[in-house]
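Derivation of every value follows stated rules applied to the coordinates shown; laboratory data play no part. These figures come from a predicted structure and were not determined experimentally. Note that we place each Cβ from the backbone using ideal geometry, even for glycine, and neighbour counts take in every protein chain shown.
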Amino acid sequence: NREWHLLSRPVGWPKPEDFALVETEVPTPREGQVLVRNTYLSVDPYMRGRMSAAKSYAAPFELGKVMQGGAVGEVIESKAEGIEVGDHVLHFFGWREYAAVDAKNAVKVGPTAVPAVKVETQDVPLSAYLGVLGMTGLTAYAGLLRTASFKEGDIVFVSGAAGAVGSEVGQLAKLLGASRVIGSAGSDGKVKLLVEEYGFDAAFNYKNGPVAEQLREAAPDGIDVYFDNVGGDHLEAAIGSLREGGRIAVCGMISVYNNTEPAPGPKNLARLIQTRGRIEGFLVGDHYDLQPEFVQKVAPWVASGELKYRETVVEGIENNLEAFLGVLRGDNIGKMIVKL
Ligand code: NDP
């Protein structure tokens, strides 16, 4: 078994020396556990937060120990009732090849899963449970519908729009009746994908010019909803373009995750007064009650191709770290997945 350990807490951008790929024994499952051979590992921006010691909603990774993250794998030994050898499960012991997982922390996915899920999702590949129908998908759904109180006719702006969460936010908004959807991303190729494949009404490359100017051009009538994945000048620009009663769902602020100094704050905050605008942070972990509704509603759109998704797949446990760093750099289109 090979697994990734955190050796030291990164300062600024994580460096390879902060991590080690360590060889260990394959774990032996105890009573009530299953042994899983991981087939897909998730790498996500929030993991950067867990590499720091600072207190947050998720506990810091421990130094000298294996890191954690979403994963899907095949059960190769079972000491738990209700899960058989050959079943596929979603669990939280990524960054490693093999994991002994308590059955209560493993959710069956794929063809042998509980009928309610099976009927809706059997046509999707297992990696989808880490992305479009998994945690990042639910983040898009809950953040848009619940936190941003999305309603038909809204003009929606989403940053990080070619990523896992952002690409789903934009398309869900379209499918649910947004009057205009605008996205921003970090390359001309990504911008083209947003407009030509995902059906965004407008998109811009934030590296090509000031965000506020590009947003005003793309959304001349302003925006009702901003789904923030980025923070910084994107957030400032969005407040500047907010219409009366506008809502901002603060999902992530990836532009500051590797900063060593606090970023300067947005200058437009007083505008929230005149617009009666609402800005609100949210954590997907508080919204798992929406998971069944989310899968019921979105899985058919995924299966029919009405909701498109891309994955950027990196192969091999030895490339797990590089894949994670790639997400922070923007190497990915859609969900970044590691395939073992
Ligand atoms: P993505 O698939 O969107 O990957 C991250 C993307 O961020 C990169 O592809 C890159 O694309 C972009 N990016 C990196 N640096 C910058 C920068 N300085 N400015 C603008 N964009 C940048 O990741 P996820 O979909 O998994 O996550 C998206 C956001 O949602 C993150 O902020 C994450 O922390 C947050 N999140 C929050 C959750 C919650 O519960 N609140 C749950 C899950 C995710 P590009 O080429 O466009 O720069």
Cα-based equivalent ellipsoid of the stretch 60-104: semi-axis lengths in Å, sorted from largest, via gyration tensor: 22, 10, 9
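If we count other beta carbons within 10 Å of each Cβ, what is the order of Val191, Val66, fewest first?
Details: Val191 22, Val66 18.
So the residues, fewest neighbours to most, are Val66, Val191.
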So how far apart, in nm, are the two label points at Lys65 and Glu77 if each is 7 Å from Cα heading toward Cβ? 2.2 nm
Find, among the GluC sites (Glu not before Pro) in the stretch 165-204, those assigned to loop by DSSP (not H, G, I, E, B) with at most 16 other beta-carbon atoms within 10 angstrom. Glu197
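Give me the net charge of Lys308's neighbourhood, meaning all other residues with Cβ under 13 Å from the Cβ of Lys308; Lys, Arg count +1, Asp, Glu -1. Write down the numbers at each step before the final one.
Numbers: positive: Lys174, Arg310, Lys335; negative: Glu168, Glu196, Glu197, Glu306, Glu311.
Local charge sum for Lys308: -2.
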Under a no-solvent Debye model with one identical scatterer per Cα of the chain, what's log10 I(q)/I(0) at q = 0.07, 0.10 Å⁻¹? -0.29, -0.60
Please compute, for the alpha-carbon atoms of the stretch 250-322, the extent along each of the three principal axes and give them in descending order in Å. 44, 36, 23
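Let me check against my output: what whole-number percent is the relative contact order of the chain, with C-alpha pairs under 8 Å and at least 6 apart? Each step should come with its number before you reach the end.
Working: 759 pairs, mean separation 57.6, N = 340.
In percent, rounded to a whole number, it is 17.
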How many nm is it between the label spots at Leu175 and Thr260, if each spot is 7 Å from the Cα in line with the beta carbon? 4.4 nm
Residues Lys339 and Ala100, FRET efficiency given R0 of 22 Å [Cβ-Cβ distance, rounded to 0.05]: 0.55
Quick check: Cα centre of the stretch 1-75 to Cα centre of the stretch 154-227, how many Å? 33 Å
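Can you give the calculated 222 nm mean residue ellipticity of the chain, where each DSSP H run of n ≥ 4 adds -39,500 (n - 2.57) and the sum is split over every residue, rounded to the nearest 500 deg cm²/dmol?
Working: 10 runs with 87 residues, N = 340.
Here the helix-only value at 222 nm equals -7000 deg cm²/dmol.
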Considering the options Ala148, Leu126, Pro264, tell which one lies farthest towards the positive end of the dipole of the chain, charges being +1 on Lys and Arg and -1 on Asp and Glu at the Cβ, about the Cα centre. Pro264
Using the charge dipole of the chain (Lys, Arg: +1 at Cβ; Asp, Glu: -1 at Cβ; taken about the Cα centre), state which of Ile76, Tyr206, Leu21 has its Cα farthest towards the positive end. Tyr206
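Give the calculated FRET efficiency between Glu293 and Glu197 to the nearest 0.05, with a Förster radius of 25 Å applied to their Cβ-Cβ distance. Mind showing how you got there, number by number?
Numbers: r = 26 Å, r/R0 = 1.05.
Computed FRET efficiency for Glu293 and Glu197: 0.40.
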Can you give the local net charge around Leu325? Use residues other than it whose beta-carbon is closer than 12 angstrom to its beta-carbon, Lys and Arg +1, Asp and Glu -1. 0
On a 18 Å Cα-Cα criterion, which of the cross-link pairs Lys65/Lys104; Lys190/Lys335; Lys174/Lys308; Lys308/Lys335; Lys55/Lys104 come out too long? Lys65/Lys104; Lys55/Lys104
May I ask you to work out the translational diffusion coefficient for the stretch 181-332 at 37 °C, viscosity 0.692 mPa s, via Stokes-Einstein with Rh from the Kirkwood sum over Cα pairs, reported in whole µm²/s? 187 µm²/s
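All other residues with a Cβ under 14 Å from the Cβ of Ala219 taken together, and with Lys, Arg as +1 and Asp, Glu as -1, what is their net charge? Intermediate values should be presented prior to the final figure.
Numbers: positive: Arg180, Arg216, Arg243; negative: Asp154, Asp201, Glu213, Glu217, Asp221, Asp224.
Result for the neighbourhood of Ala219: -3.
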